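Would you mind keeping the following structure in view while I ask a few things?
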Amino acid sequence: MTGAGLLLQGGTVFDGLGAPGRVADVAVAGGRVVAVGDDPPAGLRRIDCHGLAVAPGFVDTHAHSDLVHLLDQPQPFKLLQGVTTEVVGNCGLTFAPLDAASAEVAAALWSNLAGGAPIGPAGFGELADRLDRAGPANNLALLVGHGTLRLTTNGLEERLRPGAAARMAALAAGAFAAGAVGLSSGLIYVPGSYADTAELVALARVAAAHGGVYATHLRDEGAHLGAALDEAVAIARAAGARLQVSHCKAAGRAAHGTAGRLLERLAAARLEGVDAQGDQYPYDAGATVLSALLPPAVAAGGTEAMRARLRDPGARAGLRSQAERGGVGDGGWAEADPADVLLTGHRDPRLVGRSLAEAAGDRDPWDALCDLVADDPAATIVVRLMREDDVRAIMASPLVGVGSDSLAPFGLEHPRTWGCFPRLLGRYVREEQVLTWEQAIRKATWLGARQFRLDGRGLLVEGAVADLCVFDPATVGHDGTYLDPDVPVRGIEHVLLAGEPVVEGGQFNGRRAGRALRGPGWRGPTP
Ligand SMILES: [Zn+2]
């Protein structure tokens, strides 16, 4: 908190709700915005914002930064983009609630998300408290992951054991009481992919009962996108939950040109009474684990079973014929060209930075894929799957906000991890005019804050929490590429967290001023 308060003077102020910018002074005191206008209170320290835009801090609705903020060094990679709150725990993958057995499996499957932070047993409230105490660089809002709930209650088995459904529901309720803002699912990742619709409805009901959102990585983002969206809407509708469709895209050749249908389906859901919206990152490539190209059935029974299957020629051939069918739940193989799959993380460092086609050499790319996953089940990729006109169509929709889908900010990673928000503003507002400034800012702030119930945040009005971003519209941008992603952001000048400056003149000042925000079901601090 700032004792004396601050005056952001003379900038063009955007409210986050979609109104055009207007030149005004913004006074901040006691962690809140206390005045917006041309007659500011006296005695405040002034920050000159002439020529700059003053906006609510950006809300990254889709991040995987759950654990990197526990590292000894603060991690300001999002703050430097103007992001003041990240929603973490997406795609069903969270690091709580975990017991000893499920923590071991999570460490084998999802270590790429942790950036070197230890993965161990933790209750949901325990993890939230630990993050709070560590002081994340920015605020975090935590989802509870369906994949994790399933892992902890049922291991990697496909069929639910007796009593597992009830245990998942009880663990979910505990997470909401500890402040989860929603339930996430990742229906292409084991073990989440094993769930049927009814299993997800039951858990989304728990979310709805606590005011939480249902955020989903759909079962299919390619040829069967329509059916997958229908399922997501049906789940939200049956559960009475708000719906967030994660990283909206039309992925793979068979889906190119279908962005319009995705948007129609989102709008239709709203007509049916489902509070549905989505998020998107402004790029034509995604990033995921290499194993996502395989049918999820490959992972049944755990890592060792998977390795054995991948090394068995008969099992390998069977998986291949399933993968080539390209049906729902058959994995991403049919949608991706091996030349468009860039290896970004693998136990063998010589492979990093190469395409799957290059790594395969003279071998059949399918065999290379199976070998690479068997050698390192947590290997990661950046994969070019989207067509630019689909990216732009989705971006233009007022129902779709911004979510970076960032992973840990180390090594060769998708450039969205360092530059998602500046790229949206620089490339798609200033240069290409796909959006106006006020549209893009609304999508980057209030739209997400509202769906995840980040009360008091995501808008810049008197009384709002003073999470703010000041940027230069003339220079904002990011030039990171898939092979050279970690380049500095341009034009993000000042960032405030509850009124406290954390980025000044484009530089992080070292303060760990973020907090773990708690959702509407929070019952208070754990004793
Ligand atoms: Zn996802």
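Relative contact order for region 156-290 using alpha-carbon pairs under 8 Å, separation at least 6, rounded to a whole percent?
The normalised contact order for region 156-290 reaches 21 percent.
Extending each Cα 7 Å along its Cβ direction at ASP455 and PHE508, get the distance between those two points in nm, one decimal.
About 3.1 nm separates the two model spin labels.
Let me ask another. For THR197 and ASP362, FRET efficiency with R0 = 51 Å and r from the beta-carbon atoms, rounded to 0.05?
0.70
OK, next. I need the Kirkwood Rh of region 29-149: take the reciprocal of the average 1/r across all distinct C-alpha pairs and report it in angstrom.
Mean inverse Cα-Cα distance, inverted, gives 16.4 Å.
What's the extension gain from SER321 to ALA107 if we count 0.36 nm per residue and subtract their Cα-Cα distance?
Result for the pair: 74.0 nm of gain on full extension.
Please work out the C-alpha center-to-center distance from region 75-132 to region 158-172 and express it in whole Å.
Comparing the Cα centres of region 75-132 and region 158-172, I get a distance of 22 Å.
In addition: Using only the alpha-carbon atoms, what does region 342-429 span along each of its principal axes? Please give whole angstrom values in decreasing order.
Principal-axis extents of region 342-429 (Cα, largest first): 45, 26, 19 Å.
Right, something else. Roughly speaking, what % of Cα-Cα pairs in region 1-64 are separated by over 16 Å, rounded to a whole number?
47
Show log10 I(q)/I(0) for region 261-317 at q = 0.15, 0.18, 0.29, 0.31 Å⁻¹, two decimals, from a solvent-free Debye sum over equal Cα scatterers.
-0.69, -0.74, -1.15, -1.21
Got a sec? Charge dipole of the chain, +1 on Cβ for Lys and Arg, -1 for Asp and Glu; which of ILE47, ALA202, GLY18 is way out at the positive end?
Comparing the listed Cα positions along the dipole, ALA202 ranks first.
How big is the accessible area of ASP376 in square angstrom, nearest 10, if you roll a 1.4 angstrom probe over the protein chains?
So the heavy atoms of ASP376 present about 20 Å² to solvent.
Assigning unit charges at the beta carbon (Lys, Arg +1; Asp, Glu -1) and nothing else, what dipole magnitude in debye, to the nearest 20, does region 1-155 show about its Cα centre?
100
Which of the three applies to the chain, rounded, prolate or oblate, going by the alpha-carbon gyration tensor with a ≥ b ≥ c and a/c under 1.5 meaning rounded?
Numbers: a/c = 1.71, a/b = 1.49, b/c = 1.15.
Prolate, since a/c reaches 1.5 and a/b exceeds b/c.
Which trypsin sites (Lys or Arg not before Pro) in region 139-193 sit in a loop by DSSP (not H, G, I, E or B) and have at most 14 other Cβ atoms within 10 Å of their own Cβ?
Answer by residue number: ARG159.
Determine the per residue accessible area of the chain with all protein chains present and a 1.4 angstrom probe, expressed in square angstrom. Spell out each step's value before the answer.
Values: 18160 Å² over 527 residues.
On a per-residue basis, the chain sits at 34 Å².
Give the residue list of trypsin sites (Lys or Arg not before Pro) in region 487-523 that are DSSP loop and have at most 13 other beta-carbon atoms within 10 angstrom.
Values: sites: ARG490, ARG511, ARG512, ARG515, ARG518, ARG523; in loops: ARG511, ARG512, ARG515, ARG518, ARG523.
Qualifying residues, ordered by number: ARG523.
What percent do you get for the relative contact order of the chain when only Cα pairs under 8 Å and 6+ apart count?
Computed value for the chain: 22 percent relative contact order.
Same structure again: Helix 259-271 against the longest principal axis of the chain: what's the angle in degrees, Cα atoms only, rounded to the nearest 10?
That helix lies at roughly 70 degrees to the long axis.
May I pose another question? Give me, ordered by chain and number, the residues 5 or more places off VAL13 or on other chains with an amide H under 5 Å from its own placed amide H.
Here ARG22, VAL23, ALA24, VAL54 satisfy the definition.
Angle, helix 225-239 long axis vs. longest principal axis of the chain, Cα atoms, 0 to 90°, nearest 10?
Computed tilt is about 70 degrees.
Can you give me the distance in nm between label points at ALA339 and THR481, each placed 7 Å from the Cα along the Cα-to-Cβ direction?
1.7
Which percent of Cα-Cα pairs in region 427-520 sits in each 10 Å bin, short to long?
Reading upward from the zero bin: 14, 37, 39, 10, 0.
Where does the Debye-calculated log10 I(q)/I(0) of region 152-209 sit at q = 0.17, 0.22, 0.29 Å⁻¹, using only Cα point scatterers of equal weight, no solvent?
Results for region 152-209 at q = 0.17, 0.22, 0.29 Å⁻¹ read -0.53, -0.90, -1.38.
Considering the zone a paramagnetic label at GLU272 would reach in this model (a point 7 Å from Cα along the Cα-to-Cβ line), which residues of region 207-249 have amide N under 12 Å from it?
227-240
Further question on the same structure: Taking the Cα centre of region 375-527 as the origin, how large is its charge dipole in debye, to the nearest 20, when only Lys and Arg (+1) and Asp and Glu (-1) carry charge on their Cβ atoms?
640
When DSSP assigns beta bridges and you keep just the ones with both residues in region 1-60, what percent turn out antiparallel, to the nearest 5? Mind dumping the intermediate values first?
Working: 11 of 17 bridges.
The antiparallel fraction comes to roughly 65 percent.
Provide the gained length on full extension for the span ALA19 to GLU157, in nm with one decimal, where the gain is 0.36 nm per separating residue minus the Cα-Cα distance. Display every interim value, and only then the final one.
Working: separation 138, 0.36 × 138 = 49.68 nm, distance 5.03 nm.
Full extension of this stretch gives 44.7 nm more.
If you place +1 on the Cβ of every Lys and Arg, -1 on the Cβ of every Asp and Glu, and leave all else neutral, what size is the dipole of region 340-449 about its Cα centre, to the nearest 20 Debye?
The calculation lands at about 620 debye.
Let me ask something additional. With a cut-off of at most 13 other beta carbons within 10 Å, and DSSP calling the residue loop, which GluC sites (Glu not before Pro) in region 395-435 qualify? Please list them.
Working: sites: GLU413, GLU431, GLU432; in loops: GLU413, GLU432.
For GluC sites (Glu not before Pro) across region 395-435 that sit outside H, G, I, E and B with at most 13 neighbouring Cβ atoms in 10 Å, the list reads GLU432.
Mind running the shape call on region 302-376? Use the C-alpha gyration tensor, a ≥ b ≥ c as the square roots of the eigenvalues: rounded below 1.5 for a/c, prolate if a/b tops b/c, oblate otherwise.
In terms of gyration-tensor shape, oblate.
Starting from a Cα-only point model with no solvent, please compute log10 I(q)/I(0) by Debye for region 260-387 at q = 0.14, 0.18 1/Å.
Reported log10 I(q)/I(0), two decimals: -0.67, -0.96.
Expressed as a rounded percentage, what relative contact order does region 334-459 have, with Cα pairs under 8 Å and six or more residues apart?
Value for region 334-459: 19 percent.
What does the charge count around GLU438 come to, taking other residues whose C-beta lies under 13 Å from its C-beta (Lys +1, Arg +1, Asp -1, Glu -1)?
Values: positive: ARG22, ARG442, LYS443; negative: ASP15.
Spelling it out: positives minus negatives among the neighbours equals +2.
Express in nm, to one decimal, how much length is gained between ARG347 and ASP39 on full extension, taking 0.36 nm for each residue of separation and deducting their alpha carbon distance. Before the final figure, lay out the partial values.
On the way: separation 308, 0.36 × 308 = 110.88 nm, distance 5.94 nm.
Stretched out fully, the ARG347 to ASP39 stretch lengthens by 104.9 nm.
The values are calculated or read from the model by the stated rules, or taken from the named source; none is laboratory data. Being a predicted model, the structure only gives us computed values, none of them experimental. Note that each Cβ is placed from the backbone with ideal geometry, even for glycine, and that neighbours are counted across all protein chains shown. For accessibility, only protein heavy atoms count, side chains too; no ligands or nucleic acids. Shrake-Rupley method; radii C 1.70, N 1.55, O 1.52, S 1.80 Å.
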